[in-house]
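Following: one structure in structure tokens, then a few remarks.
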Ligand code: ADP
């Protein structure tokens with residue numbers, strides 16, 4: 001049983017009578033609180049890098065600096081600008097996802113294509129961050145999936161990029177698609193990182209929820225990645241599965257329903273090219 005907020009109003013109702021109108025406004029109030037929290041969070045997330053940026057601009061304007069200090073400051077400024085850019089990009093992605101109709105079943109994409117693109121994104125990110133993980137992309141089943149290929153790719157890449165960012169360097173990350181007996185299709189990313197304590201798991205897909213704020217920022221996180229994945233997956237009629245063991249690693253997955261899956265003859269694994 002949940003607490004309920006009720007709005008009560010009295011209306012004149014005929015001669016000498018009053019009508020008591022009651023309305024459950026719980027959902028309305030919750031939506032309003034969520035909207036307010038969201039605006040406060042966005043403002044805070046933008047203000048932090050902006051403050052740092054403005055501080056450096058002032059220093060550069062007012063202090064005579066040695067050339068290498070100048071270069072270092074400019075590097076830090078570029079980092080903050082980049083952070084704001086990622087944030088705005090993720091916010092735009094979220095708002096597009098919320099405002100556009102559910103992807104139909106007219107566009108079919110081979111799993112192989114999605115996997116190949118996801119793998120090349122992952123290797124590029126890994127190089128950019130100078131990481132040496134053992135990235136294993138298993139060859140997918142021979143099947144096509146219906147929906148928006150760009151959204152699905154972004155969901156896959158978000159999960160892989162989290163595994164890269166939160167797994168200690170050198171350890172293994174395994175990425176695979178699996179069909180189950182009912183024809184549902186699961187995409188999973190298994191890492192051997194630090195894992196996440198159980199109390200955090202239910203909140204991970206909330207916007208701006210982070211287990212470790214500073215670690216997320218350090219690795220370029222906006223706190224919106226898993227919220228985007230959840231949206232994409234729900235829009236495709238699927239659901240997310242998150243499991244983690246502290247000290248052993250995490251498994252982030254999503255399942256797409258059989259209606260969005262077209263198995264190709266033989267359904268034997270094909271090599272990811
Ligand atoms: P962020 O931009 O902070 O990574 P996400 O929405 O992608 O935002 O993830 C939310 C939080 O979930 C992260 O800040 C991190 O604490 C946790 N998280 C996500 N993926 C992993 C993972 N593979 N291993 C450990 N923690 C993770």
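The values are calculated or read from the model by the stated rules, or taken from the named source; none is laboratory data. Keep in mind that this is a model prediction, so the values were computed, not measured. Note: ideal-geometry Cβ built from the backbone for every residue, glycine included; neighbour counts use all protein chains shown.
Residues of region 90-111 that are closer than 19 Å to residue 221 by Cβ and in contact (Cβ under 8 Å) with a residue 24 or more places away in the chain: 90, 91, 93, 94, 97. Of all the criteria given as (1) more than 18 Å from residue 220 (Cα to Cα); (2) without any contact (Cβ under 8 Å) to a residue 40 or more places away in the chain; (3) part of a helix (DSSP H, G or I); (4) out of contact with any helix residue (DSSP H, G or I) (no Cβ under 7 Å at 6 or more places or on another chain), the one not satisfied by residue 59 is (4).
Of the strands (runs of 3 or more DSSP E) lying entirely inside region 101-219, those carrying at least 2 residues that are within 10 Å of the ligand (Cβ to nearest atom), modelled with pLDDT of 95 or more and surrounded by 14 or more Cβ atoms within 10 Å (Cβ to Cβ) are 185-191. Looking across region 196-242, the residues that are without any contact (Cβ under 8 Å) to a residue 12 or more places away in the chain and under 26 Å from residue 184 (Cα atoms) come down to 202, 203, 234. Looking only at residues of region 251-266 that are within 10 Å of residue 237 (Cβ to Cβ) and in contact with a strand residue (DSSP E or B) (Cβ under 7 Å, 6 or more places away or on another chain), we find that the one that is farthest from the ligand (Cβ to nearest atom) is 260. Give the residue that is farthest from the ligand (Cβ to nearest atom), with candidates limited to residues of region 224-247 that are part of a loop (DSSP other than H, G, I, E, B) and closer than 26 Å to residue 172 by Cβ. Among residues in region 224-247 that are part of a loop (DSSP other than H, G, I, E, B) and closer than 26 Å to residue 172 by Cβ, the one farthest from the ligand (Cβ to nearest atom) is 238. Is it true that some residue in region 65-83 is in a loop (DSSP other than H, G, I, E, B), surrounded by 13 or more Cβ atoms within 10 Å (Cβ to Cβ), under 23 Å from the mean Cα position of the chain (by Cα) and at negative phi? Scanning region 65-83 turns up no residue that is in a loop (DSSP other than H, G, I, E, B), surrounded by 13 or more Cβ atoms within 10 Å (Cβ to Cβ), under 23 Å from the mean Cα position of the chain (by Cα) and at negative phi. Close Cβ contacts (under 7 Å, 6 or more residues apart or on different chains) running from residues in region 15-42 that are in contact (Cβ under 8 Å) with a residue 24 or more places away in the chain and on the phi < 0 side of the Ramachandran plot to residues that are part of a loop (DSSP other than H, G, I, E, B) and loosely packed, with under 11 Cβ neighbours inside 10 Å comprise 26/4.
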